[in-house]
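The values are calculated or read from the model by the stated rules, or taken from the named source; none is laboratory data. Here the structure is a predicted model, which means the values were calculated and not measured. Glycine also receives a Cβ, built like all others from the backbone with ideal geometry; neighbour counts cover every protein chain displayed. Keep in mind that these areas ignore ligands, DNA and RNA; they rest on the heavy atoms of the full protein, side chains included. Shrake-Rupley method; radii C 1.70, N 1.55, O 1.52, S 1.80 Å.
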Amino acid sequence: MDVKEWYMEYKIHKNRPGLLGDIASLMGMLDINIVTINGVEDRTRGMLLQTNDEEKIDLMGKMLKKVDNITITALRPPKLVDILAVRHGRYIERDSDDRKTFRFTRDELGLLVDFLGEIFKREGNQVVGLRGMPRVGKTESIIAGSVCANKRWTFVSSTLLRQTVRSQLSEDEMAPNNVYIIDGIVSTIRSNEKHYGLLQDIMSMPSTKVIEHPDIFIRESEYTYSHFDYIIELRNNPDEEINYDSFTYTSEPF
């Protein structure tokens, strides 16, 4: 049987000496390997496990339910948020109503870059929206995430150095393995017909697109919220309001 990964999380009610050792010993007897272990939030521990026998996972879960000092809160194939929680020791904040929206603050840029890197490693069509005020670190995070994923990034529109509005890309730049960076305001409000035609071609490609200011992009184009797989919000602090009243652009197409 193939070796599969599992994520286990448990809440600690009484952190007695030897508790982790007892749990690890049980896994060892069942031939379940601990790949990664870390504390996740307050008095919670997360583990990435490996085994080639799903029945052993079920058996372990039933046995650990009888341990009074802990409560199993998750035992499942790992999701992306589980993997990052074990790596960084905390869960990404997620909108309770809109499950595709994830929230970060500027002091969590390392976690955000890791999150983006894991998304960018995936093949095929995916669209990521990135909300945030100017100079909060949006574009820099996208580039760093591309580096983590070993992907080439291509600016379709941007205001990182000067305003960029592309009307054509080279053959190498049109490779599906690229990460395309799009400024949603520049591409819809301050662009020309050639640029918008290029944008439509890129949006139809089986590749990763990251759109800054997705709300304006949706409002000013034929694309809708359903086209997005993830919406990420980046703030300087948790209470910062993301608004577009102060945004002004003038285009310099090339």
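For residue 117, state whether it is open to solvent by 40 Å² or more (accessible area, probe 1.4 Å) and closer than 19 Å to residue 38 by Cβ.
Details: open to solvent by 40 Å² or more (accessible area, probe 1.4 Å): no; closer than 19 Å to residue 38 by Cβ: yes.
So residue 117 does not fit the description; no.
So, residue 94, is that one surrounded by fewer than 16 Cβ atoms within 10 Å (Cβ to Cβ), under 24 Å from residue 182 (Cα atoms) and not small (Gly, Ala, Ser) or not?
Values: surrounded by fewer than 16 Cβ atoms within 10 Å (Cβ to Cβ): yes; under 24 Å from residue 182 (Cα atoms): yes; not small (Gly, Ala, Ser): yes.
Considered against the rule, which asks whether it is surrounded by fewer than 16 Cβ atoms within 10 Å (Cβ to Cβ), under 24 Å from residue 182 (Cα atoms) and not small (Gly, Ala, Ser), residue 94 comes out as yes.
Failed condition for residue 178, given (1) over 22 Å from residue 105 (Cβ atoms); (2) surrounded by fewer than 20 Cβ atoms within 10 Å (Cβ to Cβ), with all others met?
Of the numbered conditions (1) over 22 Å from residue 105 (Cβ atoms); (2) surrounded by fewer than 20 Cβ atoms within 10 Å (Cβ to Cβ), the odd one out for residue 178 is (2).
Among the residues of segment 203-217, write down those that are touching a residue at least 12 places away in the same chain (Cβ under 8 Å) and either open to solvent by 10 Å² or more (accessible area, probe 1.4 Å) or aliphatic (A, V, I, L, M) (or both).
As a first pass, look at segment 203-217 and keep what is touching a residue at least 12 places away in the same chain (Cβ under 8 Å): 203, 205-217.
203, 205, 206, 210, 211, 212, 215, 216, listed by residue number.
Using the structure shown, decide if residue 113 is aliphatic (A, V, I, L, M) and free of Cβ contacts under 8 Å to residues at least 40 places away in the same chain. Walk me through it before giving the result.
Numbers: aliphatic (A, V, I, L, M): yes; free of Cβ contacts under 8 Å to residues at least 40 places away in the same chain: yes.
In short, yes.
All but one of (1) assigned by the TED database to the domain that holds residue 212; (2) open to solvent by 20 Å² or more (accessible area, probe 1.4 Å) hold for residue 104; which doesn't?
(2)
I need every pair where a residue in segment 228-254 that is more than 14 Å from residue 217 (Cα to Cα) has its Cβ under 8 Å from the Cβ of a residue that is among the aromatic types (Phe, Trp, Tyr) and modelled with pLDDT of 95 or more, sequence separation at least 6 or different chains.
Pairs found: 230/102; 232/102; 232/104; 232/115; 233/102; 233/104; 234/104; 235/104.
Tell me, which residue of segment 181-202 that is open to solvent by 20 Å² or more (accessible area, probe 1.4 Å) and more than 26 Å from the chain's Cα centre (by Cα) is nearest to residue 218 (Cα to Cα)?
Residues of segment 181-202 that are open to solvent by 20 Å² or more (accessible area, probe 1.4 Å), as a first pass: 188-194, 196-197, 200-201.
From the residues that got through so far, the ones that are more than 26 Å from the chain's Cα centre (by Cα) too are 189-194, 196-197.
Working: 189: 11, 190: 15, 191: 15, 192: 17, 193: 17, 194: 19, 196: 14, 197: 16 Å.
Within segment 181-202, the match that is nearest to residue 218 (Cα to Cα) is 189.
Taking the stated definitions as given, is residue 165 buried (at least 22 other Cβ atoms within 10 Å of the Cβ) and either among the β-branched types (Val, Ile, Thr) or over 16 Å from residue 209 (Cα atoms) (or both)?
Working: buried (at least 22 other Cβ atoms within 10 Å of the Cβ): yes; either among the β-branched types (Val, Ile, Thr) or over 16 Å from residue 209 (Cα atoms) (or both): yes.
Yes.
Take residues that are of a type in the set (S, T, N, Q) and tell me which of the helices (runs of 4 or more DSSP H) falling wholly in segment 155-233 contain 2 or more.
Filter on segment 155-233 gives 184-189.
Residue by residue, here is whether (1) of a type outside the set (D, E, K, R); (2) within 13 Å of residue 5 (Cα to Cα) holds:
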residue: 34; (1), (2): yes, yes
residue: 55; (1), (2): no, no
residue: 60; (1), (2): yes, no
residue: 64; (1), (2): yes, no
residue: 69; (1), (2): yes, no
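Go through 68, 58, 31 for me and flag whichever is surrounded by fewer than 14 Cβ atoms within 10 Å (Cβ to Cβ), acidic (Asp, Glu), over 28 Å from the mean Cα position of the chain (by Cα) and closer than 14 Å to residue 11 by Cα. First the steps, then the outcome.
Values: 58 fails: closer than 14 Å to residue 11 by Cα; 31 fails: closer than 14 Å to residue 11 by Cα.
Within the list 68, 58, 31, the selection yields 68.
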